[in-house]
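**Q** Please read through the structure below; I'll follow up with questions.
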Amino acid sequence: MARLLALDFGKVRTGIAVTDELQLIASGLTTVLTDELLDFLKSYLKEEKVDAFVVGLPKQMDNTPSESEELIQGFLKKLVKQFPAIPIERQDERFTSKMAVQSMVASGMKKKKRQDKALVDEISATLILQAYLNRF
């Protein structure tokens, strides 16, 4: 088996998480600037096999798409073009940023570190990926 790679796509930064090769455990990988994301993925995929991308699906409380979904759709077209053999799955990402901050508080992380938005994005990607894994 190969890894699953999750993206918490954002306008400025994108959090990235991956599974182990058995696809049991989600772990934060990094956060990259969104305009450098495709280059990062090209480089990563030269070193690691990925079975699927899991991309966060932002929704409003009434289940309608969030305004950021339009940006994500544009990115997904580029992702499919760049990596046509790798399927893309979507995972509801409601509350992941809030849960990421709560997990940082619960772990005793200092306030200064909790304000690191890149770390919040990476943890959010991990939560998206773990939620996806829990579906099966």
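Readers should treat all values here as calculations from the given coordinates under stated rules, not as data from a laboratory. No experiment lies behind these values; they were computed from the predicted model shown. Glycine gets a Cβ as well: all are built from the backbone with ideal geometry, and neighbour counts include every protein chain shown.
**Q** Arrange the peptides 6-14, 64-72 so that the one whose residues have, on average, the most other Cβ atoms within 10 Å appears first.
**A** Final packing ranking: 6-14, 64-72.
**Q** Please list, in chain and number order, the residues 5+ apart from V55 or on another chain whose amide H is under 5 Å from its amide H, with Hs placed from the backbone.
**A** Under 5 Å from the amide H of V55 lie the amide H atoms of L7, E89, R90, Q91, each far enough along the sequence or on another chain.
**Q** Could you pull the Cα extents of the chain along its three principal axes, largest to smallest, in whole Å?
**A** Principal extents (largest minus smallest coordinate, Cα): 41, 32, 31 Å.
**Q** Quick query: amide H of S66 versus all other amide H atoms, modeled in the peptide plane; which residues come in under 5 Å with a sequence gap of 5 or more or a different chain?
**A** K59, Q60
**Q** Separate question: Along Cα→Cβ, 7 Å out, is where each label goes; now give me the distance between the ones at L38 and M1 in nm to one decimal.
**A** 3.1
**Q** Using per-residue counts of other Cβ atoms within 10 Å, averaged over each peptide, order 19-28, 126-135 from highest down.
**A** 126-135, 19-28
**Q** What nm distance separates the two modelled labels at L22 and K110, each placed 7 Å from Cα along Cα→Cβ?
**A** Label-label distance for L22 and K110, simple model: 3.7 nm.
**Q** Here is a follow-up. Quick query: amide H of T30 versus all other amide H atoms, modeled in the peptide plane; which residues come in under 5 Å with a sequence gap of 5 or more or a different chain?
**A** I16
**Q** Turning to a different aspect of this structure: For the chain, what number of Lys pairs, 8 or more residues apart or on separate chains, have alpha-carbon atoms under 13 Å from each other?
**A** Eligible lysine pairs with Cα atoms under 13 Å apart amount to 4.
**Q** Okay, moving on. If you average the sequence gap of Cα pairs under 8 Å that are 6 or more apart and divide by the length of the chain, what percent do you get for the contact order? Write down the numbers at each step before the final one.
**A** Values: 236 pairs, mean separation 46.5, N = 136.
Here the relative contact order equals 34 percent.
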